[in-house]
Amino acid sequence: MAEEDHQKPTPENTTMFQGFEWNVPADNGHWKRLTAAIPAYKAIGIDNVWLPPGCKAASPEGNGYDIYDLYDVGEFDQKGQPATKWGSKEDLLELCRVSKEHGIGLYWDAVLNHKAGADRVERCRVVEVDDNDRTKEASEPYEIDGWLGFDFPGRGEKYSAMKYHWEHFSGTDWNQENEKKAIYKILGDNKGWSQTVADEQGNADYMMFADLDYSHPEVEEDVKNWGVWITKELGLKGFRLDAVQHFSERFTNSWVDNLREQCGDDMFVVGEYWTGETEEMAKWLGDMNHKFSLYDAPLLYNFSQISTSEKADLRKVLDNSLMQEKPINAVTVVMNHDTQPGQTVATPVEGFFKPLAYSLILLRREGYPCPFYGDLYGMKGENPEPPSCGGKLADIVLARKLYAYGSQEDYWDDANCIGFVRRGTWDKPFGVACLMSNAEPGQIKMAVGDMHKGERWTDVLGWEEGEVVIDDEGYGLFKCPGVSVIIWVNKDAEGREKFPVNFDSNIYGE
């Protein structure tokens, strides 16, 4: 290796954090709680926070996926109050200011597929379609009264003069005239389902509420303008796009084009494309003309399957994952708001397995990891849960920031006890050895490199007592208790005094 290459600074590992869970209290206080927590996020190595969809929802308690007005982020008296569930625009701007002050980027959860909570019904011509195959018509054409008129009376024309009418939508699911619920495809000039969507239920264009029609130039222009407006208004660093397989791929490309032209080529964008088929995701990424990421749903399904099967083969944990197939494009998760109990794609990962899963996404080289608010703080609602990982998730995040650098080698010979090492780099030299078991206790002799000879390594999580002395060839005999994970690091490594991490998980002050 040339000397000049050897001396290039090692880029710091980055971690994003999902800054909400489904059952956060609807007390308009979430922006304030996040603002207070920003310094703690910075201290454990979180670099970017994925915010919830903070545009005005149809309901005051709505999480924002029942989106009403893109341009109201808690400023206007609409749908029962000025604030959103998460708080006021004033509180949001303060969160943005404090985040910037601490060098933490913010990603906005953009719900672009539909609108909800219309101000009035409008008469339009429709045809019912088969609920299981939206390409099959199930009625003759007729007229309905659909909730498709959006006037935004509380906002008026501030930020955008656009009002939405029936012609701006491709489908809806309610006829107020006879109070019948069905999937109605709206008819008219140049109307029809988008042809650049997934083929779920024949055509995935219609998902819920009033489905936006991105073949209409006024809709496309307004939503593209909104992306630039909110980025500049809040100083955003990126977006999470909700339900990308349900709206026009052509429009998504155009939207990202416009965003990066107006706001910078470094704007990060990740899409939610929920499927277990890695090939399908890879094809979608290939059809996008941009650097774009997707959540690694196949990896999460692997975590779920392994954690709910006795003595499952840990060596298969990464098989067919996006992390393995498209590591640059994979945002890796162990859980998120969509997969919580009771949600549409609930994907249980048993509690004992979460420390193992988080070690896999946080300490390995591939993917962009995204820990979940509900795992860091616990979850409320009908199925409350305490913080996961025995309260040690913050420690695993910090271990990534400080030690998970350099070449990677796997020791995956045993189905129920696997390990891997990161050997460090010239300027981040400490390295890490990770060992995990989903059955009996185990041990593996692993090479961390002769540059570490003579060092004494201990567990940063405090779950395994004792030391491992690295021999003259750079090997150590690393141990792991049954059904656990241990993260071994040189006990004299820079930053070891920060463990155990003193992270306050009582975000609600209860």
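Set side by side, the residues Val121, Val98, Val111 differ, and just one is open to solvent by 10 Å² or more (accessible area, probe 1.4 Å), of a type in the set (Val, Ile, Thr) and touching a strand residue (DSSP E or B) at 6+ places or on another chain (Cβ under 7 Å), which is Val121. For segment 178-222, a residue qualifies if it is over 18 Å from Ala138 (Cα atoms), crowded, with 19+ Cβ neighbours inside 10 Å and β-branched (Val, Ile, Thr), and the qualifying residues are Val197, Val219.
For residues that are more than 14 Å from Leu106 (Cβ to Cβ) and in contact with a Leu (Cβ under 7 Å, 6 or more places away or on another chain), tally how many sit in segment 213-233. Counting residues in segment 213-233 that are more than 14 Å from Leu106 (Cβ to Cβ) and in contact with a Leu (Cβ under 7 Å, 6 or more places away or on another chain) gives 5. Residues in segment 234-264 that are surrounded by fewer than 20 Cβ atoms within 10 Å (Cβ to Cβ) and either in contact with a Ser or Thr (Cβ under 6 Å, 6 or more places away or on another chain) or under 13 Å from Tyr107 (Cα atoms) (or both): Gly235, Glu249, Arg250, Cys263.
Of the listed requirements (1) of a type in the set (S, T, N, Q); (2) more than 30 Å from Ala26 (Cβ to Cβ); (3) out of contact with any helix residue (DSSP H, G or I) (no Cβ under 9 Å at 6 or more places or on another chain), Asn383 misses just one: (2). The condition of being free of Cβ contacts under 8 Å to residues at least 24 places away in the same chain and among the hydroxyl-bearing types (Ser, Thr, Tyr) holds for only one of Ser88, Ser160, Ser139, that being Ser139.
Conditions tested, residue by residue: (1) at pLDDT 95 or above; (2) more than 17 Å from Val485 (Cα to Cα); (3) not hydrophobic (A, V, I, L, M, F, W, C); (4) not in a loop (DSSP other than H, G, I, E, B).
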{"site": "Thr275", "(1), (2), (3), (4)": "no, yes, yes, no"}
{"site": "Glu280", "(1), (2), (3), (4)": "no, yes, yes, yes"}
{"site": "Gln305", "(1), (2), (3), (4)": "yes, yes, yes, yes"}
{"site": "Ala312", "(1), (2), (3), (4)": "yes, no, no, no"}
{"site": "Asn320", "(1), (2), (3), (4)": "yes, yes, yes, no"}
{"site": "Lys354", "(1), (2), (3), (4)": "yes, no, yes, yes"}
{"site": "Ala357", "(1), (2), (3), (4)": "yes, no, no, yes"}
{"site": "Ile361", "(1), (2), (3), (4)": "yes, no, no, yes"}
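Exactly one residue out of Lys445, Lys428, Lys479 is over 25 Å from Asp375 (Cα atoms), among the charged types (D, E, K, R) and in a loop (DSSP other than H, G, I, E, B): that is Lys428.
Looking only at segment 475-485, how many residues end up being touching a Lys or Arg at 6+ places or on another chain (Cβ under 6 Å) and either of a type in the set (D, E, K, R) or open to solvent by less than 20 Å² (accessible area, probe 1.4 Å) (or both)?
Initially, segment 475-485 is screened for residues touching a Lys or Arg at 6+ places or on another chain (Cβ under 6 Å), giving 475, 477.
Subset that is either of a type in the set (D, E, K, R) or open to solvent by less than 20 Å² (accessible area, probe 1.4 Å) (or both): none.
So the count comes out to 0.
With respect to being within 20 Å of Phe420 (Cβ to Cβ) and either of a type outside the set (A, V, I, L, M) or in contact with a Cys (Cβ under 8 Å, 6 or more places away or on another chain) (or both), Pro369 fits the description.
Quick one: how many residues across segment 412-453 are closer than 19 Å to Leu398 by Cβ, open to solvent by less than 20 Å² (accessible area, probe 1.4 Å) and in contact (Cβ under 8 Å) with a residue 40 or more places away in the chain? Residues flagged as closer than 19 Å to Leu398 by Cβ, open to solvent by less than 20 Å² (accessible area, probe 1.4 Å) and in contact (Cβ under 8 Å) with a residue 40 or more places away in the chain within segment 412-453 amount to 8.
The values are calculated or read from the model by the stated rules, or taken from the named source; none is laboratory data. Treat the numbers as computed from the prediction; the structure is a model and nothing was measured. In this analysis, Cβ positions are derived from the backbone assuming ideal geometry, glycine residues included, and neighbour counts consider all displayed protein chains. The area values use the complete protein model at the heavy-atom level, side chains included, leaving out ligands, DNA and RNA. Shrake-Rupley method; radii C 1.70, N 1.55, O 1.52, S 1.80 Å.
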